[in-house]
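Asks: First the structure, which I've put down as structure tokens, then a few questions once you've had a look.
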Amino acid sequence: MAIHNPLLQRKKALLLKVFNEYENYEYSLESAVTVVQEVEEYFLEMTDIDLQLSDAEKQDFTEQYQDIWKEIISKHLEILELMKEENAQVRKQMSQVNKKNHIIENYMEKNQSMFLDKQA
């Protein structure tokens, strides 16, 4: 079915750009951040377009491109999972650094050496 409304044509072009961004995702944190930043602009523009469309037009568009939307959602969930895992790893590393710093501070507060004195 051909789209004759210029707003719907623009929205379709944006949707395909979003789809392509997710398809080019390289399964790394850097790539995930880049994709999320890129598609955010496209989604904002689609939201602006939606404000100018009727409910029926929006519903028809969503139904017509339902498979693409599902793929986008699936890829987005993969990216969110990767970001959650990376966040958990960073938190774990920060916790280890904080524990190390806490131990060092405790020794320094007591004005004691962290090393055993062989002469004692």
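The values are calculated or read from the model by the stated rules, or taken from the named source; none is laboratory data. Note that the structure is predicted; figures quoted are calculated from it, not measured. Virtual Cβ from ideal backbone geometry, glycine too; neighbours counted across all protein chains shown. To get the accessible areas, we keep the full protein, side chains included, count just its heavy atoms, and leave off ligands, DNA and RNA. Shrake-Rupley method; radii C 1.70, N 1.55, O 1.52, S 1.80 Å.
Asks: Quick one: compute a quarter of the convex hull surface over the Cα atoms of region 1-48 and quote it in nm².
Replies: 3.6
Asks: Calculate the spin-label point distance for Asn87 paired with Val33, positioning each point 7 Å from the Cα along the beta-carbon direction, and give it in nanometres.
Replies: Distance between label points: 1.5 nm.
Asks: Report the Cα centroid-to-centroid distance between region 1-52 and region 57-77 in angstrom, as an integer.
Replies: That distance is 11 Å.
Asks: Ok, one more. Per 0.36 nm of contour for each residue apart, how much would the distance between Glu78 and Arg10 grow if the chain were fully extended, relative to their Cα-Cα spacing?
Replies: 21.8 nm
Asks: Where does the longest stretch of the chain lie that holds no trypsin sites (Lys or Arg not before Pro) found in a DSSP loop with 11 or fewer other Cβ atoms within 10 Å?
Replies: With trypsin sites (Lys or Arg not before Pro) excluded where exposed in loops, the chain gives 1-109 as its longest stretch.
Asks: When Rg is the radius of gyration of the Cα atoms in the chain and Rh is its Kirkwood radius, what does Rg/Rh come to? Before the final figure, lay out the partial values.
Replies: Numbers: Rg = 25.4 Å, Rh = 18.3 Å.
Expressed as Rg/Rh, it is 1.39.
Asks: Here is a follow-up. Once the piece of chain linking Glu45 and Lys100 is laid out straight, how much longer is it, given 0.36 nm per residue of separation minus the C-alpha distance between them?
Replies: That works out to 15.1 nm of additional length.
Asks: While we're here: When the chain is modelled as a GNM with alpha-carbon springs shorter than 10 Å, which of Val97, Val35, Val18 fluctuates the most?
Replies: Val97
Asks: Can you send over the carbon and sulfur percentage of the accessible area for the chain, probe radius 1.4 Å, protein chains only? All intermediate terms of the calculation are to be shown ahead of the outcome.
Replies: Working: 4910 of 9340 Å².
Whole-percent figure for carbon plus sulfur exposure: 53.
Asks: In the chain, what is the count of Lys pairs whose alpha carbons are under 29 Å apart, counting only pairs at least 8 residues apart or on separate chains?
Replies: 25
Asks: Please list 3J(HN,Hα) in residue order for region 27-33, calculated via the Karplus relation 6.51 cos²θ - 1.76 cosθ + 1.60 where θ = phi - 60°; whole Hz, with x for glycine and proline.
Replies: Each residue's phi maps through the Karplus curve to give 6, 9, 5, 4, 5, 4, 4 Hz.
Asks: In region 1-108, what chymotrypsin sites (Phe, Trp or Tyr not before Pro) fall in a loop by DSSP, with at most 13 other Cβ atoms inside 10 Å?
Replies: Those that pass, being in a loop and sparsely packed, are Tyr27.
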